[in-house]
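Have a look at the structure below before the remarks.
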Amino acid sequence: MIPFLDLKSMNLQIEEEIKEAMNRFIQSGWYVLGKEVESFEREFAAYCGTEHCIGVANGLDALMLILKGYGIKEGDEVIVPSNTYIASILAISMVGATPVLVEPDLRTYNIDPEEIQNKITNKTKAILIVHLYGRVCEIDPIREIAKRNRLKIIEDCAQSHGVQYNQKRAGSLGDAAGFSFYPGKNLGALGDAGAVTTDDGDLAIRLRALRNYGSLKKYENVEKGFNSRLDEIQAAVLRVKLKYLEEGNQRRREIANFYLQHIQNPKITLPDLPLDELQHVWHLFVVRCPDRQHLSEHLLERHIQTLIHYPIPPHKQEAYLEWKDHSYPISERIHREVLSLPISPVMELTQAEAVVKAINEY
Ligand SMILES: *Cc1c(COP(=O)(O)O)cnc(C)c1O
């Protein structure tokens, strides 16, 4: 079987280093908000090219805390793509604000900058962009719209660790960015973890309080905060794994290029390759096929595991019944047709060859 993602062998490749880090962690005798989190925050900020990094409990919290930190609340509107993982939208709901969905560009799967302006009202406070599947958003036109309307740009970088746009990395392209280090992400911990990156010093101070009960000094609470800290043990693991992120992303690009060069089947739409290869980190390699169910069965018969990202569009979820009559045809089409092929830093070329062969035979 060619697994969709072999997390175990990814982590076993650096097992010794991870064990060393865990040992250091146990020996330290300090288990929450200590040296590992501080060091990881410094190292990850340097990697992303931002002034600040604030470790938090997960990616959803990272986005929610940014919105909270900017004072976005009930009655405010936040623009967000109609095709994204539900967490991008949940973060907006969590602070009581209203998510306003904007359709994607079918070529890039990212929010269509041309559609944003139409959805802006006097209640709009921010644009939450998602670099979906690892492809960076077309940021220049979005910046222009944000500037013209005085909106914050918040990046959801849960699928795009390390991706670049004109030599700047995701995480440094807007006002603030939320990262997830869920195990399957390009930079993944051994459990839940997340972070915010930003150049905004005021926001950084506020987030350090918000993640820790609203407190900067023990037992003094400046506001009603949360408990959403990055664990020391996860920070220790992430410091090891950060060293291998570039290499892992480059390996993903090799697999993606191999697929793009060799998959030839008129029934299948391949993802668009950006002109600058650094604009994609291939968290997922997503193809479209009108009969994707049949395609996935065909591949499974040939021992190739695939997944769907994602089967139900956010506006069709029971959790968002208020949108049940809304129509987002591009997003609906994407959700109906997409299928994700295996891709990861530990995938062998022979495995990619087998995938290509099976798809070309379909
Ligand atoms: C994974 C993911 C999140 C949520 O991150 P968690 O750490 O699981 O909370 C948010 N947005 C996108 C696009 C994601 O893929």
| message | Are there strands (runs of 3 or more DSSP E) fully within segment 143-217 with at least 1 residues that are surrounded by 24 or more Cβ atoms within 10 Å (Cβ to Cβ) and without any contact (Cβ under 8 Å) to a residue 12 or more places away in the chain? List them. | response | none
| message | Restricting to segment 183-229, give me the number of residues that are within 16 Å of the ligand (Cβ to nearest atom) and either among the small types (G, A, S) or under 18 Å from A46 (Cα atoms) (or both). | response | 12
| task | Could you please tell me which pairs satisfy a Cβ distance under 7 Å, a separation of 6+ or placement on different chains, a first residue in segment 57-69 that is in contact (Cβ under 8 Å) with a residue 12 or more places away in the chain, and a second residue that is charged (D, E, K, R) and more than 7 Å from the ligand (Cβ to nearest atom)? | result | A57/R229; L65/R211; G69/R206
| task | Report whether or not I54 is crowded, with 24+ Cβ neighbours inside 10 Å, farther than 30 Å from P329 by Cβ and of a type in the set (A, V, I, L, M, F, W, C). | result | yes
| said: Yes or no: segment 21-30 includes at least one residue that is in contact with a Ser or Thr (Cβ under 7 Å, 6 or more places away or on another chain) and either under 27 Å from N249 (Cα atoms) or within 16 Å of the ligand (Cβ to nearest atom) (or both). | reply: no
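The rows are residues; the columns are (1) in a helix (DSSP H, G or I); (2) without any contact (Cβ under 8 Å) to a residue 24 or more places away in the chain; (3) surrounded by 20 or more Cβ atoms within 10 Å (Cβ to Cβ); (4) acidic (D, E).
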| site | (1), (2), (3), (4) |
| --- | --- |
| R253 | yes, no, no, no |
| Q264 | no, no, no, no |
| D272 | no, no, no, yes |
| A319 | yes, no, no, no |
| S327 | no, yes, no, no |
| I334 | yes, no, yes, no |
| M347 | no, no, yes, no |
| V356 | yes, no, no, no |
| I359 | yes, no, yes, no |
| Extreme residue, farthest from the chain's Cα centre (by Cα), among residues of segment 113-138 that are surrounded by fewer than 21 Cβ atoms within 10 Å (Cβ to Cβ) and closer than 23 Å to L284 by Cα | P113
| said: Let me confirm something: among F4, F25, which residue is surrounded by 16 or more Cβ atoms within 10 Å (Cβ to Cβ), at pLDDT 95 or above and assigned to a loop (DSSP other than H, G, I, E, B)? | reply: F4
| task | Just give me the residues in segment 278-317 being basic (K, R) and part of a loop (DSSP other than H, G, I, E, B), in sequence order. | result | R302
| What do you reckon, is R42 basic (K, R), at pLDDT 95 or above and in contact with a helix residue (DSSP H, G or I) (Cβ under 7 Å, 6 or more places away or on another chain)? | no
| remark: Of the conditions (1) out of contact with any helix residue (DSSP H, G or I) (no Cβ under 8 Å at 6 or more places or on another chain); (2) within 16 Å of the ligand (Cβ to nearest atom), the single one that I153 does not satisfy is (1)
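The values are calculated or read from the model by the stated rules, or taken from the named source; none is laboratory data. All values reported here derive from a predicted model rather than from experimental measurement. Here Cβ is always computed from backbone atoms with ideal geometry, including for glycine, and neighbour counts include all displayed protein chains.
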